[in-house]
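The values are calculated or read from the model by the stated rules, or taken from the named source; none is laboratory data. Because the structure is a prediction, the values reported are computed rather than measured. Cβ: placed from backbone, ideal geometry, glycine included. Neighbour counts: every protein chain shown.
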Amino acid sequence: MGPLPELWQAEWCPYSHRVRLALTYRGVDFVARQVSADRAERTAMQAATGYVAIPTLVDADGTVVRGGDEILDHLAAFYPEREDAAAHRAKAVDDLPPEWRRER
């Protein structure tokens, strides 16, 4: 098994949450890198990605993608959904804001 994608994120960030859901729907194992709430203290993230905004994904091939919508587009282009994605989505849908329920 090669390197796993790394998601620089925070649990309180709704965009990070949305990306984590998309990773689940696609069956992508990943490493969650927690970041400081203070952008000035995200030096490890900046050294690894060049950015301090979350979410930022470093894919297994080293590609860096930042921003929720951009990451979702990247995942849709390179990772097919798993067979049980609909079941995962159905379990999550009651907890999601309506604007997050659109398909990607």
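Quick look at the numbers
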| item | result |
| --- | --- |
| All positions within the range 34-79 that are among the hydroxyl-bearing types (Ser, Thr, Tyr) and over 19 Å from His17 (Cα atoms) | Thr43, Thr49, Thr63 |
| Output for the range 76-96, where each listed residue is exposed (fewer than 15 other Cβ atoms within 10 Å of the Cβ) and in a loop (DSSP other than H, G, I, E, B) | Pro80, Arg82, Glu83, Asp84, Leu96 |
| Condition check for Arg89: at pLDDT 95 or above and touching a Leu at 6+ places or on another chain (Cβ under 9 Å) | no |
| Test result for Glu99, surrounded by fewer than 18 Cβ atoms within 10 Å (Cβ to Cβ) and either in contact (Cβ under 8 Å) with a residue 60 or more places away in the chain or not in a helix (DSSP H, G or I) (or both) | no |
| Among the candidates Ala10, Ala32, Ala44, residue that is surrounded by fewer than 19 Cβ atoms within 10 Å (Cβ to Cβ), among the hydrophobic types (A, V, I, L, M, F, W, C) and within 9 Å of the chain's Cα centre (by Cα) | Ala32 |
| Counted residues, the range 16-28 - those being over 8 Å from the mean Cα position of the chain (by Cα) and over 21 Å from Gly62 (Cα atoms) | 1 |
| Selection from the range 24-62 of residues that are of a type in the set (Val, Ile, Thr) and in contact with a strand residue (DSSP E or B) (Cβ under 8 Å, 6 or more places away or on another chain) | Val31, Val35, Thr49, Ile54, Thr56, Val58 |
| Members of the range 47-58 found to be part of a loop (DSSP other than H, G, I, E, B) and more than 10 Å from the chain's Cα centre (by Cα), listed by number | Gly50, Tyr51, Val52, Ala53 |
| Filter result for Asp73 (among the charged types (D, E, K, R) and either surrounded by 20 or more Cβ atoms within 10 Å (Cβ to Cβ) or part of a helix (DSSP H, G or I) (or both)) | yes |
| Residue in the range 4-26 that is modelled with pLDDT of 95 or more and at positive phi present | no |
